[in-house]
Amino acid sequence: MRNQLRVLVTTLVLAAAWVTVPRVTESVRSWEGFVVKEVSFKGLRYLTREEALSVVAPAASASVWAAPDSWEILLAQHPLVREVEVRRSLPSTLEVTIVEREPVGLVATPTLEPVDAEGYFLPIDPARHPLDLPIIEGRDRPAPGARLTPRSTRVLASAVARFADAEPTFGMMVSEWGWKDQRTVVARWSQPEVEFHLAVDTAPRRLREGLAALADAMARMAGTPPGVIDLRYVDRVVVRRKS
C-alpha cells in the first residue's frame with residue numbers, strides 16, 4: 001500500500017512539473033532583465049562592429065534565451081562571414097565569435113574585387129583595408145551582382161590559397177595568376193620577371209624545387225631571370241627563356 005501511495009505521489013509531482021515548467025521558462029524569457037543589452041564580438045577584421053549589429057538589428061532586442069539562434073542565422077548570410085557562434089552570458093550579454101572569409105586575390109569585374117578561396121566576392125572597403133593581393137584571371141567573366149565567381153576562377157582561387165599556405169614565400173612574390181590551358185595555370189612574378197607554369201594540384205615540394213631552380217638559373221646567368229620555370233613534369237624542372 002505504501003509503495004502504491006509513493007508511486008501515486010511521484011506521478012502527481014511530475015505531472016505538475018510538466019505543466020508548470022514551460023510556463024516558468026516562458027515567463028523567464030519574457031522578463032526584461034534577460035533582454036539583450038550588451039554584445040561582445042571576437043574575430044572582426046574587415047567587418048565592423050556597426051555593420052555586424054546592423055545585420056542583426058531585427059533580433060537585437062530579443063531575450064538572450066531566444067537570440068543566439070536568430071543572430072547566427074542572420075550573420076551567416078553576410079558575405080564576409082564564414083562561420084559564426086553566439087553564446088549567451090546571463091543575464092543580458094551575448095558573446096559573438098565570427099570567422100571571416102579571407103581574401104586571396106583580386107578579380108576584375110571590371111573593377112578589382114577581392115575573393116576568398118571559395119570564390120566568394122568580399123565587400124571589403126579598399127580605403128580602410130588596402131589589399132596587397134595578386135590578380136586572378138579567369139577564363140570567363142563574372143556575372144553582374146553574382147555572389148560567386150565563375151567556376152574556372154573559383155578553381156584557380158582555391159589553388160592560389162592552397163599554394164600560399166603551402167609555400168608563403170612563393171605566394172607573396174606572385175603578382176598575377178591565370179590559365180595557360182585547361183590543366184595548366186601560370187603564376188607571374190614582376191620582380192624578377194618570371195613565369196611559373198604548374199598544374200592546379202602541384203605539390204608544395206615542387207614549388208620549393210621551382211624556387212631552387214630559379215635561384216640556380218639566375219646565379220648562372222648573372223642575375224638575369226630565365227623567363228619560365230615549368231613544373232608540369234613529374235621528375236624534372238624545365239627552365240627556359242620566354243618565347
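Derivation of every value follows stated rules applied to the coordinates shown; laboratory data play no part. On a predicted model such as this, the values are computed, not experimentally measured, just so you know. As a convention, Cβ positions derive from the backbone with ideal geometry for all residues, glycine included, and neighbour counts pool all protein chains shown.
So for the stretch 160-211, Kirkwood radius off the Cα pairs, Stokes-Einstein at 25 °C and 0.890 mPa s: how many µm² s⁻¹? If you can, show how the numbers build up before the last one.
Details: Rh = 11.0 Å.
After rounding, the answer is 224 µm²/s.
Take Leu90 and Ser40, extend 7 Å from each Cα along the Cα→Cβ direction, and tell me the distance between the two endpoints in nm.
1.8 nm
One-quarter of the Cα convex hull surface for the stretch 105-240, in nm²?
Details: hull surface 33.7 nm².
Across all orientations, the stretch 105-240 yields a mean hull projection of 8.4 nm².
With contacts defined as alpha carbon pairs under 8 Å and 6 or more residues apart, what's the relative contact order of the stretch 110-240 in percent?
On the way: 207 pairs, mean separation 22.1, N = 131.
About 17 percent, as a whole number.
Starting from the amide H of Ser175, placed 1.01 Å from N in the peptide plane, find each other amide H under 5 Å away whose residue is 5 or more places distant or on another chain.
Excluding prolines and chain starts, which carry no amide H, the hits are Arg188, Trp189, Ser190.
Considering Cα pairs under 8 angstrom that are at least six residues apart, work out the relative contact order of the stretch 32-100 and quote it in whole percent. If you can, show how the numbers build up before the last one.
Values: 119 pairs, mean separation 30.6, N = 69.
It rounds to 44 percent for the stretch 32-100.
Could you list the trypsin sites (Lys or Arg not before Pro) in the stretch 35-97 that lie in coil according to DSSP, counting only those with at most 13 other Cβ atoms within 10 Å of their Cβ?
On the way: sites: Lys37, Lys42, Arg45, Arg49, Arg82, Arg87, Arg88; in loops: Lys37, Arg45.
Filter output for the stretch 35-97: Lys37, Arg45.
Sort the stretch 32-100 into rounded, prolate or oblate with this rule: let a ≥ b ≥ c be the square roots of the eigenvalues of the Cα gyration tensor; rounded if a/c is under 1.5, and if a/c is not under 1.5, prolate when a/b is larger than b/c, oblate otherwise.
On the way: a/c = 1.92, a/b = 1.76, b/c = 1.09.
Prolate, since a/c reaches 1.5 and a/b exceeds b/c.
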